Amino acid sequence: MPKITKAYCQNLDKKDPLAHLRNSFYLPKGKINMDGNSLGSLPKSTKKRLQEVVQKEWGDGMIGSWSSAGWFESPIRVGNKIASLIGAAEGEVIVADTTSVNIYKALCAAISLNEGRKIMLSEKGNFPTDLYMMQGIASFSNGELINKVVEPTAILEELTEEVAVLLLTQVHYKTATIKDMRTITKKAHEKGILVIWDLSHSVGSIEVALNDCQVDFAVGCGYKFLNGGPGAPAFMYVAKRHQKNALSILSGWMGHQDPFAFTDEYTPSPDIARFRCGTPGILGMAALENGVDLFAQTSVKALRKKAIALSHLFMDLMEQECGEFGFTLASPIADEKRAGHVAYSHEEGHGIYQATKKEGVVSDFRTPDILRFGITPMYLRFQDIYKVVRIIKNVMETKAWDRVEYKIRAAIT
Ligand SMILES: Cc1ncc(COP(=O)(O)O)c(C=O)c1O
């Protein structure tokens, strides 16, 4: 393979059909965001949009903005926009709460539809909140429900007629490994099991086909690839066929079929709106909507194509520049199995993460030894990848990672 040079990377940027999208983001000098899989960068228009929401809609419009500025319908409106990114239909996605809360809602809804079955099934190493939510429900059920967490390789053989619901994450948060949504969902359905997919690392990064795969429920984050801002509201997908009968466990007034009737009895909305609970946070919603609207300028397919090219460049450069420094690729090498970040394990991972951060590489570290590098094609350039790998190389050559203060794990990594 010929040596990859800076000029070669700059040339790739010149030919990049998505290069213009970068102009939509505020990207501070001296930093490269390789953590957009955890917190997407700030779209320039979001700053402006939030000022407008605060001043015009809240300041001038006051409470009237619930109707005149479309605040009330925003969970459904933004949900419909997200639906188009994940292969869902209009009216199947609602923006509300956090991903953790939506997992809880989806688990309870699925259990309610599968009466008589006791088991909630997931896999070891799934994102902790997914497992914790199952534990919480089981501990509150007085032994009625069982929380079962098995080895990832054992999932298919554990699909039995006692299982009510299977909860899996499509893209693994550490390794970016993509699960086969279609096959797993089909096999679960053959045993009458309902399936919830956590799309936190999928949405806006890879093409998702919820309806085509007959998925029952899904949830996901708004602050990662959707660029919705820190703590952006999350989303929940409920297949149309389940909406009328699935329990809305968080039976707040906003999910009532007629919230402003103010009746004493809870009558859930017959559609996706029953999965609203309380009043949506409009500032967070506005930021998320603005982030999602950027997708109208391109397609997930085009973004994925560029992400694969950026990931290849990163892995090739890591081999070329850092091959001697003991990094082990922790993500799948095959494109169809790896989503929107590239992970390496290294025994000095924490120190390397800290030392590269000092040089402007914004990435993250996951215990025990995983360095994650987010690949966000909306604003990353090929030359940024070159720069990041050169910084890593320099940190390794100078042993800048080897400092006493880096031996203690930071509270947030
Ligand atoms: C796969 C996955 N699920 C759920 C969450 C947590 O979501 P939240 O903290 O918004 O509830 C995350 C956060 O990173 C995640 O990666």
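Every number here is computed from the coordinates shown, using simple stated rules; none is lab data. Remember, predicted model here, so these are calculated numbers, not experimental data. Cβ atoms come from the backbone with ideal geometry, glycine included; neighbour counts cover every protein chain shown.
Counting only other residues whose beta carbon sits under 14 Å from that of N290, what net charge do I get with K and R as +1, D and E as -1?
Around N290, the charge tally is +2.
If the label point is 7 Å along Cα→Cβ of L50, which residues in region 20-42 have backbone nitrogen under 13 Å from it?
In region 20-42, the label zone of L50 (backbone N under 13 Å from the point 7 Å along Cα→Cβ) covers 26, 40-42.
What percent does the relative contact order of the chain come to when contacts are Cα pairs within less than 8 Å and at least six residues apart? Walk me through the intermediate numbers first.
Values: 768 pairs, mean separation 91.1, N = 413.
For the chain, the relative contact order is 22 percent.
Between E90 and D13, what FRET efficiency comes out of the Förster formula 1/(1 + (r/R0)^6) with R0 = 51 Å and r the beta carbon distance, rounded to 0.05? Spell out each step's value before the answer.
Working: r = 37 Å, r/R0 = 0.73.
With R0 = 51 Å, the Cβ-Cβ based efficiency is 0.85.
Fewest Cβ neighbours within 10 Å first, please rank E115, E319 accordingly.
Final ranking by Cβ density, sparse to dense: E115, E319.
All other residues with a Cβ under 12 Å from the Cβ of Q383 taken together, and with Lys, Arg as +1 and Asp, Glu as -1, what is their net charge?
Here the count lands on +3.
Which FRET efficiency value, to the nearest 0.05, do you get for T328 and N245 by plugging their Cβ-Cβ distance into 1/(1 + (r/R0)^6) with R0 = 41 Å?
For R0 = 41 Å, the calculated efficiency reads 0.30.
Report the label-to-label distance for W253 and M62 in nanometres (one decimal), using points 7 Å from each Cα along the Cα→Cβ vector.
1.9 nm
Just rank M181, M236, M315, M1, fewest to most, by other beta-carbon atoms within 10 angstrom.
Ranked by crowding around the Cβ, least crowded first: M1, M315, M181, M236.
For the chain, give me the percentage of DSSP beta bridges that are antiparallel, rounded to the nearest 5 percent.
Among the beta bridges of the chain, antiparallel pairing accounts for roughly 55 percent.
Taking H as built 1.01 Å from N, whose amide H comes closer than 5 Å to the amide H of H256, not counting residues under 5 places away?
S269
Hey, which of these cross-link pairs are over 32 Å Cα-Cα: K306/K358; K105/K387; K14/K301; K191/K305? Intermediate results must be reported in sequence, preceding the final value.
On the way: K306/K358 28 Å; K105/K387 43 Å; K14/K301 20 Å; K191/K305 36 Å.
Where the Cα-Cα span goes over 32 Å, the pairs concerned are K105/K387; K191/K305.
Determine, from the Cβ-Cβ distance of Q214 and E162 and an R0 of 30 Å, the FRET efficiency 1/(1 + (r/R0)^6), rounded to the nearest 0.05. List each step's numbers first, then the result.
Numbers: r = 21 Å, r/R0 = 0.71.
For Q214 and E162, the calculated efficiency is 0.90.
Of L50, L210, N23, which is farthest on the positive side of the dipole of the chain, counting Cα position, with +1 on Lys and Arg Cβ, -1 on Asp and Glu Cβ, and the Cα centre as origin?
N23
Neighbour counts of other C-beta atoms within 10 Å: give me L121, L199 arranged from fewest to most. Before the final figure, lay out each step's value.
Details: L121 25, L199 28.
Fewest-to-most Cβ neighbours within 10 Å comes out as L121, L199.
Among residues other than A218 whose Cβ falls under 11 Å from its Cβ, what is the net charge (Lys/Arg +1, Asp/Glu -1)? Please report the intermediate quantities before stating the final value.
On the way: positive: none; negative: E92, D198, D216.
In short, -3.
Of the chymotrypsin sites (Phe, Trp or Tyr not before Pro) in region 336-399, which ones lie in a loop per DSSP and count no more than 16 other C-beta atoms within 10 Å? Intermediate results must be reported in sequence, preceding the final value.
Details: sites: Y344, Y353, F365, F373, Y379, F382, Y386; in loops: Y379.
For chymotrypsin sites (Phe, Trp or Tyr not before Pro) across region 336-399 that sit outside H, G, I, E and B with at most 16 neighbouring Cβ atoms in 10 Å, the list is empty.
Where in region 98-129 does the amide nitrogen come within less than 15 Å of the point 7 Å from the Cα of Q135, taken along Cα to Cβ?
Once the point is set 7 Å along Cα→Cβ of Q135, 122-129 turn out to lie under 15 Å by backbone N, inside region 98-129.
Based on Cβ point charges of +1 for Lys and Arg and -1 for Asp and Glu, what charge dipole magnitude is obtained for region 48-297 about its Cα centre, in debye rounded to the nearest 20?
Value, rounded to 20: 320 debye.
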